Amino acid sequence: MIRKILILILLAVNTAFAVNIKHADHSDYYRVVFETEKPVEFKEIPFLDSKIFVLSINISSKKVNKNILKRKYIKSLDIIYNGETTKFVFEISNKITGYKIYTLKNPYRIVIDFIKKKPEKRAVKPEEDPIYNIIVQYDLKEKSKTVKPVKDKKIIVIDPGHGGKDPGAIANGLREKDVNLKIAKKLKEILEKDPRFKVYLTRNRDRFIRLYDRTVFAVKKKADLFISIHCNSSPTRTESGTYVYTLNLRGARSKLARLVEQRENKAVIDYVKVSTNPLVNRIVADLAISTTMTEGRNFAYYLRKYLKNVTEFKDIDSANFAVLKTPGIPSVLVEVLYLTDPADAQLLKNDRFIQNFSYGVYNAIVDYFYRE
């Protein structure tokens, strides 16, 4: 579970009055109520991520119990105190589809009704789909269906890791930079056959590009999705399989993620600057990048759904990768296989595997954007 990375600004206050948070679970909605001693001004602060709801209330009380809310519907609630104003930052779960705000009197209450998602019919899992399994057994290709062109294409930026003077890992007759580029080109070729996508590579030949420039490239292209392609390595030469990493500003969650992070991170991106106040800049950067973290994690689940039938899928993890710091763009780093493992290396030399792996990523992208 990804929590919002927020800095809580604690400032001295002159006066304060109590605000109580109450909640109630109804069949169609989950209600959160702010009860105050008197009428107060409040407003919703628009945010680019639909799963983040920010409510600013003109109160300065710090006596707030935020731990009563059900995590089933509200994944997290962060509170930012700033003088006479308090901001409540909700991270809404996927079980919520929307919300409405209104007030009640005697006593004065601000009411938020979070609308619940209606139950859906059980979807057929890929491993239960005979058509899918037949395709996987030979070549994992797109299921046959007519795809109509769309007005606004989804922009996909694929980043072949390393390049030029930076070869990446070298083992078993392979250089990581070459394998990364080969897989990226195959994925681009497959995606471009679908009229719903526009695809860019951060590099299309063997050249060195700084991590900062890769992220800037994705931002300039107004990417809807950023995928960084890498191959793994292990000093023990005993590790194998596929890993997908998403951004976590707190740093790596596991020991393995920390090792990979140290190998991949060679640059740091500055925080977004919108003010002369560094604390304000930090909050803005953290909020802006929440989509990268939350949606990147969501996309990673789709990758696992399709790649587990193609490769030895090990885990989804998170780390503080500089290349994934693409504000507002869902981003993942895919460690395809281990160059240092002889069996994995043989697969990476196999064009059929690269094609199947690329189709797996393609199917994950289609399902992520156009899931029914």
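So the values come out like this:
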{"item": "Distant-in-sequence amide H partners of V336 (H built 1.01 Å from N, under 5 Å)", "result": "H230, C231, N232"}
{"item": "Greater than 24 Å apart at Cα, pairs in K70/K154; K193/K305; K154/K305; K154/K193; K116/K325", "result": "K70/K154; K116/K325"}
{"item": "Potential extension, D166-D206 segment - 0.36 nm per residue separation minus Cα distance", "result": "13.4 nm"}
{"item": "Cα-derived Rg to Rh of segment 146-227, Kirkwood definition", "result": "1.04"}
{"item": "Subset of K198/K222; K185/K221; K117/K198 violating a 20 Å alpha-carbon distance limit", "result": "K117/K198"}
{"item": "Extension gain, K193 back to K72 (0.36 nm per residue minus Cα-Cα distance, nm)", "result": "39.6 nm"}
{"item": "Inter-label distance, nm, simple model (7 Å from Cα along the C-beta direction), E312/K95", "result": "3.7"}
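Here, each number is a calculation from the coordinates, and none is a lab measurement. Keep in mind the model is a prediction, meaning the values are calculated, not measured. So basically every Cβ, Gly included, is an ideal-geometry build from the backbone, and we count neighbours across all protein chains shown.
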